[in-house]
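The values are calculated or read from the model by the stated rules, or taken from the named source; none is laboratory data. Please read all numbers here as calculations on a predicted model, not as lab measurements. All Cβ positions, glycine included, derive from the backbone under ideal geometry; neighbour counts span all protein chains shown. Protein only, heavy atoms only, side chains kept; ligands, DNA and RNA dropped before computing areas. Shrake-Rupley method; radii C 1.70, N 1.55, O 1.52, S 1.80 Å.
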Amino acid sequence: MSGSTALKEKRLDAEAHALWVAAGSPAGGPDAFREEALRQIQEAETAVDEASEESFPASDPPAHTGITGPERG
């Protein structure tokens, strides 16, 4: 298993466990909450992706900043 896959599995396990605990630790264990945890993770990642798309590219800096040079007048 690659490092990225292992991290995703750890996150999924942690999220499923948190949902299981929040539900009162019912019989069946956290594995019963893996699908819901995966859905929530994907939903959060989609929200981040959409927010990134809306904010990129950043607006240009004002013309008189050190980045673009001295103010012309």
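Points to keep in mind about this one:
- All positions within the stretch 31-49 that are open to solvent by 60 Å² or more (accessible area, probe 1.4 Å), aliphatic (A, V, I, L, M) and farther than 12 Å from residue 15 by Cβ: 32, 48
- The sole residue among 4, 55 that is of a type in the set (Ser, Thr, Tyr), open to solvent by less than 100 Å² (accessible area, probe 1.4 Å) and modelled with pLDDT of 70 or more is 4.
- Residue match in the stretch 63-73 (condition: modelled with pLDDT under 95, part of a helix (DSSP H, G or I) and open to solvent by 100 Å² or more (accessible area, probe 1.4 Å)): no
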